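Comments concern the structure below.
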Amino acid sequence: MKRIIICLALCALSCFAVAGPFGLDFGASAGSLSKLKLKKVPNQEFWYTTKTPPNPHNDFSEYRLLITPTHGLCRIDAFSSAVATDVYGEKLRSRFYWVKDALSKKYGDATEVDGLKPGSIWSEPRDYMTSLVKEERQLVAFWEEEAGRSDGVESLMLTARGLTDSSGLIALTYFSKDGPACMKLSQSKRDSSL
């Protein structure tokens, strides 16, 4: 009888566990995520790619995971396929705001930046995509730490990136509380051969 009660208690606890973004749990080791068909990213210490997270999202086609031996999974980058758009970036911006609104329902209001660097010559509306490609414009939304999140997300950032004057992509990054330490570890490991 005691064994049955313990099993029921464990089941009840696991029923309330909340998976992180795309069904991935922060802190998970690379070994525990091996069923995702992880591929190491060349020249990037502790970075892996997959196209098959447990809960993929239709707007994203590739996922990059930062998984260190010390902290496990601590950062998730998701990338959309190329979004065909016009020089004004209308379809890319539309996709960006659709994803931003969906994230805001879960994480609350974001801080948004849609701005051109001072002095940029790409200031006309028809230069929108060119300014993104040249990295003279930012279209980004970010959500900072919020107490009590059960999915392990410390912060997240949504970015529109220009590929050409007529295409771009959406990038979404989730950080765990160990995200900064993981980035530092990855960087120091990469730079250790200098």
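Just so it is clear, none of the values below were taken in a lab; they were calculated from the coordinates. Keep in mind that what you see is a predicted model, and the values were worked out from it rather than measured. Positions of Cβ are backbone-derived with ideal geometry, glycine not excepted, and every protein chain shown enters the neighbour counts.
Given the rule -39500 (n - 2.57) for each run of at least 4 DSSP H residues, summed and divided by the residues of the chain, what is its mean residue ellipticity at 222 nm, to the nearest 500 deg cm²/dmol?
Value at 222 nm, helices only, nearest 500: -8500 deg cm²/dmol.
5 Å is the cut-off here: which amide hydrogens, built 1.01 Å from N in the peptide plane, fall below it relative to Val83, excluding neighbours closer than 5 in sequence?
Gly168, Leu169
How about the range 68-107: which chymotrypsin sites (Phe, Trp or Tyr not before Pro) there are in a DSSP loop, with at most 15 other Cβ atoms within 10 Å of their Cβ?
Taking the range 68-107 and a limit of 15 other Cβ atoms within 10 Å, the loop chymotrypsin sites (Phe, Trp or Tyr not before Pro) found are Tyr88.
Among the lysines, select those whose C-alpha is under 22 Å from the C-alpha of Lys177, and discard any that sit fewer than 8 residues away in the same chain.
Cα-Cα hits under 22 Å: Lys100, Lys105, Lys106, Lys189.
Among the aspartates and glutamates, which fall within straight-line cross-link reach of Lys184, defined as a Cα-Cα distance under 16 Å, with same-chain neighbours fewer than 8 residues apart omitted?
Cross-link targets: Glu45.
State which helices in the chain qualify, where a helix is a whole DSSP H run, it must extend 15 Å or more along its own axis by its Cα atoms, and its mean Kyte-Doolittle hydropathy must be at least 1.6.
2-15
Only sites in a loop by DSSP and with at most 14 other Cβ atoms within 10 Å count here; which GluC sites (Glu not before Pro) in the range 44-146 make the cut?
Here the GluC sites (Glu not before Pro) that fit, given the DSSP loop and packing criteria, are Glu135, Glu144, Glu145, Glu146.
Pull up the cross-link candidates among the lysines for Lys35, meaning alpha carbon to alpha carbon under 22 Å and not fewer than 8 places away within one chain.
Lys51
What is the Rg over Rh value, at two decimals, for the chain, using alpha-carbon atoms and the Kirkwood definition of Rh?
1.05
Please find the FRET efficiency linking Leu163 to Thr52, where r is the Cβ-Cβ separation and R0 is fixed at 22 Å, and quote it to the nearest 0.05.
Using R0 = 22 Å, I get an efficiency of 0.40.
Under a crude label model (7 Å from the Cα following the beta-carbon direction), how far is Lys189 from Leu116 in nanometres?
The answer from the label model is 4.2 nm.
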